[in-house]
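Remarks on the structure that follows.
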Amino acid sequence: MQLPDGITDLNELAYITSRKLANEHGEKTGSVLLWRKKSDEVFHYTLKCPHCGSEQASRALFNRRPYRVECYSCKKSVVIEKLAK
């Protein structure tokens with residue numbers, strides 16, 4: 001996994017995940033890289049929407065899981081599911 005821009009050491013991070021995301025047909029056409037620094041409450045992410053294919057980068061404050069972001073282009077909610085144990 002490639003580290004996000006500006007991050008030189010994984011020890012700087014409290015959370016990081018890189019996942020493939022499925023569209024409504026179950027095809028994994030999207031992806032997300034989501035991370036949060038130890039010194040920050042806000043998450044940063046890069047997203048390729050599984051529904052429309054548009055790419056975006058932004059920040060978000062999540063209150064609970066599963067994390068959700070909205071695609072700026074198609075306005076669909078993209079769920080970042082909790083990984084199974």
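Residues in the range 1-28 that are in contact with a His (Cβ under 8 Å, 6 or more places away or on another chain), surrounded by 15 or more Cβ atoms within 10 Å (Cβ to Cβ) and within 14 Å of Pro50 (Cα to Cα): Asn23 only. Condition check: in contact with a Gly (Cβ under 8 Å, 6 or more places away or on another chain), surrounded by fewer than 16 Cβ atoms within 10 Å (Cβ to Cβ) and not basic (Lys, Arg). Does Gly53 satisfy that? Criteria met by Gly53.
Bear in mind these aren't lab numbers, they're just calculated from the coordinates by the rules spelled out. Please read these numbers as outputs of a predicted model, since none were measured by experiment. Cβ coordinates were reconstructed from backbone atoms using ideal geometry, including for glycine residues, and neighbour counts include every protein chain displayed.
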